[in-house]
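Note sheet for the following structure.
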């Protein structure tokens, strides 16, 4: 289920695997795109889909607004009783998470299969 992008350089696709949802993020995550990601997460939580995997393999650029949006969405999912995990970190995004110490917050997995198997109801 694609979410309409606000930028030509950004897209979000939502897939489902059993009770878990996977969100593929492609392009740049900045202030201009953060609303689309927030809406996607909000919609999933409203549908009671609280086990979420962010696939960031297509994420090319992340600025401070994008970092803030990842944290905001992580907190939204956790407060709803869900779990948010990440896969597909590029070297650049992984370095940003290390510099900001967010690698301690976001559970990272080597691939989607490992992330999906890590959910309690898998």
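Out of all the residues in the range 42-51, is one or more touching a helix residue (DSSP H, G or I) at 6+ places or on another chain (Cβ under 6 Å) and in contact (Cβ under 8 Å) with a residue 24 or more places away in the chain? Checked against the condition, which is being touching a helix residue (DSSP H, G or I) at 6+ places or on another chain (Cβ under 6 Å) and in contact (Cβ under 8 Å) with a residue 24 or more places away in the chain, the range 42-51 yields no hits at all.
All conditions but one from (1) touching a helix residue (DSSP H, G or I) at 6+ places or on another chain (Cβ under 8 Å); (2) free of Cβ contacts under 8 Å to residues at least 12 places away in the same chain apply to residue 30; the one that does not is (2).
Computed from the coordinates by the stated procedures, all read-outs in this text should not be read as laboratory data. Just so we're clear, the structure is a prediction, and the values are computed from it rather than from any experiment. Neighbour counts run over all protein chains shown; Cβ positions are idealised from the backbone, glycine included.
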